[in-house]
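Let me begin by presenting the structure, written as structure tokens, before commenting on it.
The values are calculated or read from the model by the stated rules, or taken from the named source; none is laboratory data. Remember, it's a predicted structure, so these values are computed and weren't measured experimentally. Positions of Cβ are generated from backbone atoms using ideal geometry, with glycine treated the same way; all protein chains shown enter the neighbour counts.
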Amino acid sequence: MSSYPAIYAVVRRIPPGRVATYGQVAALAGVSGQARLVGYALNALADTSSLPWHRVINAQGRVSPRAGEPGGSVLQRIRLEREGIEFDARGRVSLERFGWRPRGGAGQRPRAHGARRGRVGGSSPDGT
DNA sequence: CGCGTGACTTGTA
DNA sequence: TTACAAGCCACGC
């Protein structure tokens with residue numbers, strides 16, 4: 001059973017000009033704590049998909065080097081820049097400004113399928 | 001069903 | 001700031 005569909009759904013919800021972290025997507029997809037699964041899903045998705053996978057970056061605000069596709073991170077950065085996202089001199093994105101802040105309300109899916117240690121960290125400084 | 005791997009995360013050095 | 005270690009869980013063999 002693959003949680004990919006849920007992940008794809010979340011990624012698809014990421015609005016343009018915004019980026020979400022693997023952990024965030026994982027949480028929204030209902031697999032909180034398994035950021036790896038997100039990357040795994042995206043990898044399985046391949047670049048042929050129409051999903052904005054390029055809007056998914058790691059918690060450090062950096063573009064993770066993909067597996068099997070050297071240079072892919074560069075393509076991702078280019079796509080993000082095209083979306084209007086600015087990169088830092090070190091090639092990092094300011095999650096504080098471009099980080100996607102989903103509006104709880106309706107579209108959210110707090111499906112805690114286990115709720116491991118609540119070490120969320122607190123990366124949701126609403127600012128829109 | 002067991003083992004290894006992985007587009008990750010967080011804490012510590 | 002970078003580097004290393006431990007943890008979590010699904011997928012492929």
- Query: Name the residues in region A:21-39 that are at negative phi and either more than 9 Å from DNA strand B (Cβ to nearest atom) or modelled with pLDDT under 90 (or both), would you?
  - Reply: A:Ala27, A:Leu28, A:Ala29, A:Val31, A:Ser32, A:Gln34
- Item | Pick from region A:1-18, criterion more than 12 Å from the chain's Cα centre (by Cα) and of a type in the set (A, V, I, L, M, F, W, C), ranking: farthest from A:Arg82 (Cα to Cα) | A:Met1
- Counting only residues in region A:18-52 that are within 18 Å of A:Gly72 (Cβ to Cβ) and of a type in the set (Ser, Thr, Tyr), the one nearest to DNA strand C (Cβ to nearest atom) is identified as A:Tyr40
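Yes or no, residue by residue, for (1) surrounded by fewer than 20 Cβ atoms within 10 Å (Cβ to Cβ); (2) in contact (Cβ under 8 Å) with a residue 60 or more places away in the chain; (3) within 12 Å of DNA strand C (Cβ to nearest atom):
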| site | (1), (2), (3) |
| --- | --- |
| A:Arg12 | yes, no, no |
| A:Pro16 | yes, yes, no |
| A:His54 | no, no, no |
| A:Ala59 | yes, yes, yes |
| A:Pro70 | yes, no, no |
| A:Ser73 | yes, no, no |
| A:Arg90 | yes, no, yes |
- Message: Please go through region A:50-67 and give me each residue that is more than 8 Å from DNA strand B (Cβ to nearest atom) and farther than 15 Å from A:Val93 by Cβ, ordered by number.
- Response: A:Ser50, A:Leu51
